[in-house]
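Contents: one structure, followed by commentary.
The values are calculated or read from the model by the stated rules, or taken from the named source; none is laboratory data. Owing to the predicted nature of the structure, the values given are computational and were not obtained by experimental measurement. All Cβ positions, even for glycine, are placed from backbone atoms using ideal geometry, and neighbour counts span all protein chains on display. Calculation scope for accessible area: heavy atoms of the full protein, side chains included, ligands and nucleic acids excluded. Shrake-Rupley method; radii C 1.70, N 1.55, O 1.52, S 1.80 Å.
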There are 2 protein chains.
Amino acid sequence: MAKAAPSERLTRIPGGGGRAVRLARGQRLKLINTHGSQVVDTWALSSADHSEYLSMEQTRRMLFKLWPQQGDRLYSNRRTPMLAMERDTSPGVHDTLFACCDEWVYANYGCPPGHANCRDNFLRAVRDLGIDPPLVPNPLNLWMSIPVHDNIGLQIGHPVTRPGDYVVLRALMGVVLVFSACPMDVTPINGPDCQPRDVHFSLSARRV
Amino acid sequence: MAKAAPSERLTRIPGGGGRAVRLARGQRLKLINTHGSQVVDTWALSSADHSEYLSMEQTRRMLFKLWPQQGDRLYSNRRTPMLAMERDTSPGVHDTLFACCDEWVYANYGCPPGHANCRDNFLRAVRDLGIDPPLVPNPLNLWMSIPVHDNIGLQIGHPVTRPGDYVVLRALMGVVLVFSACPMDVTPINGPDCQPRDVHFSLSARRV
């Protein structure tokens with residue numbers, strides 16, 4: 001497990017599982033890639049209006065980048081800054097291109113019905129908070145590596161993260177943050193052994 | 001204007017304007033880049049359930065490509081094949097990365113309120129058909145050129161299309177297709193003279 005400051009209270013997200021957490025404006029969340037190999041699908045909804053969501057297509061357009069880097073702001077579907085990626089101790093390879101895994105992709109791979117998936121994790125996590133989302137947005141896939149070849153081809157890579165690397169996200173508005181420690185165990189998106197593993201997060205005090 | 005077969009009835013989409021059209025399963029639509037310089041934002045909704053929409057994040061994942069090419073199928077947010085790109089006479093450079101232009105991007109550029117935009121074109125076109133869409137999806141930006149640099153950086157390019165180049169889309173389910181001849185006149189996304197221009201389409205007979 002990652003080293004934590006004495007006052008840092010860590011919450012576990014089990015490998016393959018999901019979790020939603022409310023952040024007040026200004027509050028920070030530190031998400032730790034405890035074992036270094038785990039992709040974490042990440043969404044945000046505005047607390048004030050759940051139809052405003054973290055939008056990868058707006059974020060790419062505003063940053064002119066395929067994914068955000070340390071110091072960048074992340075934008076909603078109304079082009080409003082929603083989160084800041086304040087810190088990223090990892091090599092900074094993430095993905096915004098691929099939909100979250102869902103029951104249909106596991107069916108395509110021939111898995112029996114009921115395989116855990118990021119889409120169900122998202123829906124369950126937000127419904128546990130009493131939210132009925134109008135859609136499942138394209139997530140920010142933290143630590144997921146999708147190299148682009150010849151300006152068009154996409155490939156599944158392995159995470160290049162080290163154990164204990166972390167990202168700090170600061171809320172620029174009140175948000176519901178949702179994480180899914182991706183359950184993918186067919187492709188090597190979570191590393192060559194295809195093994196989903198736990199990640200952990202800590203929250204700063206509110207209104208810092 | 002592009003050459004049309006004698007029986008081909010062309011419908012005009014004015015430069016900067018939008019249009020929605022219903023396609024039955026199996027029906028084809030030929031979209032002509034009449035002047036060669038125009039980006040056309042393209043969406044599809046399932047006729048049977050408007051919460052099923054053409055999904056760029058699913059299409060990229062299913063094709064392992066940044067954008068579809070001639071012969072590819074395009075997928076819905078339920079990973080169902082929705083459209084086929086049967087023919088593409090253009091050099092085949094399109095985009096799926098950028099959100100459609102909207103009132104907020106023109107405000108960022110300092111334009112006065114009320115500038116035509118693809119988001120409003122989409123909403124108006126589907127509402128004219130009595131549809132209240134649950135969201136504005138990430139469009140397929142036909143003929144839009146967004147080169148990727150160093151695996152992360154994105155740049156606005158010019159269309160590389162020739163006058164009269166066309167794409168043929170075949171409906172793999174009943175769909176509402178929506179087009180917006182992008183009104184962007186600030187950046188050179190519609191060519192170096194920043195001038196939106198008309199495009200045209202024709203429809204095959206139903207149930208071919």
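Points worth noting:
- Dipole size of the range B:19-124 about its Cα centre, with +1 on Lys/Arg Cβ and -1 on Asp/Glu Cβ: approximately 440 debye, rounded to the nearest 20.
- For the segment A:129-135, counting C-beta atoms of other chains within 10 Å of every residue's C-beta and taking the mean gives 1.
- Neighbours of residue B:76 by Cβ distance under 10 Å: Lys/Arg scored +1, Asp/Glu scored -1, total 0.
- Converting phi to 3J(HN,Hα) with the Karplus coefficients 6.51, -1.76 and 1.60 and the offset θ = phi - 60°, the range B:197-206 yields 9, 4, 10, 9, 9, 10, 10, 6, 4, 5 Hz in sequence order, with x at every glycine or proline.
- Here the range A:38-187 exposes an accessible surface that is 48 percent carbon and sulfur, computed with a 1.4 Å probe and the other protein chains kept in place.
- Across the identical copies, how the residue A:162 labels are spaced - nm, sorted shortest first, 7 Å along Cα→Cβ: 5.4
- Cut-off 11 Å between beta-carbons: net charge of the residues surrounding residue A:143, Lys and Arg +1, Asp and Glu -1: -3
- Placing a label point 7 Å from the Cα of residue B:192 along the Cα-to-Cβ direction, the distances to the matching points in the other copies come to 4.9 nm, shortest first.
- Alpha-carbon centroids, the range A:157-181 and the range B:100-178: separation in whole Å: 30 Å
- Comparing A:139, A:123, A:77 along the charge dipole axis of the range A:38-187, the residue lying farthest to the positive side is A:77, per the Cβ-charge model.
- In chain A, the C-alpha radius of gyration followed by the widest Cα-Cα span (Dmax) gives 15.9, 48 angstrom.
- Sorted on the mean count of surrounding Cβ atoms within 10 Å across their residues, most packed first, peptides B:44-57, A:53-66 read A:53-66, B:44-57.
- The residues of chain A expose on average 39 square angstrom of accessible surface per residue, using a 1.4 Å probe on protein heavy atoms.
- Shielded residues, the range B:79-99 - accessible-area loss of 50 Å² or more between chain alone and all protein chains, probe 1.4 Å: B:79, B:97, B:98, B:99
- The gain in end-to-end length when the residue A:128 to residue A:10 segment is fully stretched comes to 40.4 nm, 0.36 nm per residue minus the alpha carbon separation.
- Dipole magnitude of the range A:69-208, debye to nearest 20 (Cβ charges: Lys/Arg +1, Asp/Glu -1, about Cα centre): 660 debye
- Projecting the Cα atoms of A:10, A:152, A:114 onto the dipole axis of the range A:1-155, where Lys and Arg carry +1 and Asp and Glu carry -1 at the beta carbon, places A:10 farthest toward the positive end.
- The residues of the range B:57-73 listed by number as losing at least 50 Å² of accessible area in the complex, against the isolated chain and with a 1.4 Å probe, are B:57, B:60, B:61, B:64, B:66.
- Stokes-Einstein diffusion for the range B:1-109 at 4 °C, viscosity 1.567 mPa s, with a Kirkwood radius from C-alpha pairs, works out to 82 µm²/s.
- Exam field: residue B:24 pseudo-label spacings to other copies (7 Å along Cα-Cβ), nanometres: 6.0
- Direction-averaged projected area, Cα convex hull, the protein assembly as shown: 20.2 nm², rounded to one decimal.
- Rounded to the nearest 20 debye, the dipole size of the protein assembly as shown about its Cα centre is 400 debye, using +1 on the Cβ of Lys and Arg and -1 on the Cβ of Asp and Glu.
- With Cα atoms as the point set, the range A:117-208 shows a radius of gyration and Dmax of 15.5, 46 Å.
- Vicinal HN-Hα couplings computed from phi for the range B:107-124 (Karplus, 6.51 cos²θ - 1.76 cosθ + 1.60; Hz; Gly/Pro x): 4, 4, 7, x, 6, x, x, x, 4, 4, 8, 5, 5, 5, 4, 4, 4, 5
- Each of residue B:156 and residue A:87 was given a label point 7 Å from its Cα along the Cα-to-Cβ line. The distance between the two points is 3.6 nm.
- The range B:35-97: Rg to Rh, with Rh as the Kirkwood radius over Cα pairs: 0.97
- Heavy-atom accessible surface that A and B bury in contact, both chains counted, 1.4 Å, Å² to 100: 3200 Å²
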